[in-house]
Amino acid sequence: MRFHAFTAAVAAISALMAAPVQAVVVIDDFNTPQNFSSCNFPGFSYQAGDMLYGDRLFSGGCSKPAAGGAITVAGGLASYGAGGISQITVNALYDASLPPGSGDAKQAVDLTQAGANDRFAMRIMVSNETRFTLSVGSASESASLQLDLPVTAGFVDLALPFASFSPASAALWQGVTSVSFQIVDTTVSPGGLFSASGEIDFIRAVPEPGSIALMLLGLLGLGTLPRRRAQETPR
């Protein structure tokens, strides 16, 4: 009986680890397709879908409008690219009040999920050096984190702790009304040309790995309590 109980416990843990943890807040899994020519600045492209707040807005621009520059979302990947330009800027915004001018009231999301989450998880591949800025905002404050990303041979998983954003308070993460990211080229010298490209797999707010393990162990412990009590009951 003990062996069967242990086997069942191992199977339960395996199933829990394979299933998505409820505390995860998906900012964007890039499953909703969208195309945007970023050199149409100050134009924008709005798309409703299965990302945070159900909205995604792209905007941006190039310093040479005749050059090619775009971001394309398809098949769970966001691909950005531009060639022969002196600067590219792409902005993506997730906001409860989108689309612009809709008059929708801003909503607030607790990205910490009652304290379970403490960081953003992100998978990205950078073909040319890129300055990536991730920003969050609430009704009363905002904070951001800026990274200069080197070229990578493949996809790299990044963990971006909430505590590394500046400036930020605990209250900010509990009432987030918008999340945005910006991609800007960082390699070009004045008057030079630049070719930017890369791909983003996902952006999510997640628990630290240790929190997930503790959550699973806690669930397992709760599941074994009735059995222990039954075994300890005098006959």
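Laboratory data are not the source of any read-out in this text; all were calculated from the coordinates shown. Worth saying up front: this structure is predicted, and the values here are computed from it rather than measured. Cβ: placed from backbone, ideal geometry, glycine included. Neighbour counts: every protein chain shown.
General remarks:
- The fewest-to-most ranking of R123, R56, R204 by surrounding Cβ atoms within 10 Å reads R123, R204, R56.
- Local electrostatic count, S164, Cβ distance below 11 Å [Lys/Arg +1, Asp/Glu -1]: 0
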